[in-house]
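Written below as structure tokens is the structure these notes are about.
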Amino acid sequence: MDWIGRVGNLRQWAQNGARAPHKPLLMLYALGRFQRQPQRPMRYSEIEHDLSELLQDYGPTHRTSPSYPFHHLVSDGVWEVRTDGGDGSPGSGVRVLRESGAQGQLAAGLRGALSADPALLGQLAHLLLDRHFPPSLHPDIAAAVGLDLEPADGTRVAAGPVPGRRRAAELRRQVLIAYEYRCAFCGFDGSLGRVPVGLEAAHVQWWAFRGPDDLANCLCLCSLHHKLFDRGVLGLDSGRRITVSREFVGQSRAAREQVLGLTGRALIGPQQGSARVSPVHITWHSAQVFRGEPRVPECV
């Protein structure tokens, strides 16, 4: 059985580049549970809260019930559901899943394959992360679902290559040159000797959602602002000015200076002759990643 193919091609609702990572998040959660308790099924009522938090933190801006992936993932052949009355999911309704005692777990064949080949778990986890989330969020999501991708013996869990991905190092070089080795949000330009540190090429429209590897879809951001941009704390408006989510809360001086103080600020760069971020990608980020409504700049 080609489990990598099945997991890599989960059927998802798709329209106009909208994100629907509900099944991938459940799969990652299930892989994390399998790593700790390989044969124990997961009762819906017991994991509903965990799945809700995952969808809230890493899912799309509109809310979706965790009952949806719990029921519909069965159709992909990688997940199975049983109730107190026998095999089969009773449906996608929250109440019926709770009252029927529905329990889900990875399909028996997949559990067998994971037990026979421990490296497969890492390959599937990295595949799901690469195809549905930006690299800056991978460690956070792995921690949230309880996945240990670096076992105690120090060997890294094997990861499979992502087809068609351009070399990240070359893209980063082009982005850093275009933005003159400075964060486009705060101007940070640190280096260690001749090597820039803490500066990254950030996709505006995520690569996992057909965001191209070119300057019109990238910003040079420091590590902090890259993470906040991918989490939806920071964004851009149609005039390429920085937006800050009203949902972000920070009382410290650092939070005020490094985040809240960016509200309404113009981007730094890129240099003359380099492509500026395309409105198409800004629109996608605003709809699919940015959280809530933007703050209004304070009057000076």
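Taken together, the values in this text are just the output of simple stated rules run on the coordinates, not laboratory data. None of the values given here were measured: they were computed from a predicted structure. Cβ placement follows ideal geometry from the backbone for every residue including glycine, while neighbour counts extend to all protein chains displayed.
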Round to the nearest 0.05 the FRET efficiency obtained for residue 108 and residue 43 when R0 = 22 Å and r is the Cβ-Cβ distance. 0.80
Over the chain, how many percent of alpha carbon pairs lie in each 20 Å bin up to the one with the longest distance? 31, 53, 16, 0
Could you work out how far helix 22-36 tilts from the main Cα principal axis of the chain, as a 0 to 90 degree angle to the nearest 10? 70
How far, in degrees from 0 to 90, does helix 168-178 lean away from the longest principal axis of the Cα atoms of the chain, to the nearest 10? 30
222 nm mean residue ellipticity, helices alone, for the chain (DSSP H n ≥ 4; -39,500 (n - 2.57); rounded to 500): -11000 deg cm²/dmol
Sorted peptide list for 220-229, 133-142, 30-39, 175-184, criterion being average Cβ within 10 angstrom, highest first: 220-229, 175-184, 133-142, 30-39
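Hey, any idea what Rg/Rh is for the stretch 3-144, computing Rh the Kirkwood way over Cα pairs?
Rg/Rh for the stretch 3-144 comes to 0.93.
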Separation in nanometres of the label points that stand 7 Å from Cα toward Cβ, at residue 75 and residue 272: 5.6
Loop only per DSSP, at most 14 neighbouring Cβ atoms within 10 Å: give me the GluC sites (Glu not before Pro) in the stretch 194-282, ordered by residue number. 247
Alpha carbon convex hull of the stretch 168-288, projected area averaged over orientations, nm²: 7.5
Relative contact order (%) - criterion: Cα under 8 Å, at least six apart; region: the chain: 16
Give the angle, between 0 and 90 degrees and rounded to the nearest 10, that separates the Cα long axis of helix 279-288 from the longest principal axis of the Cα atoms of the chain. 40
Quick one: if you stick a label point 7 Å off each Cα along the C-beta vector at residue 87 and residue 148, how many nm between them? 3.4
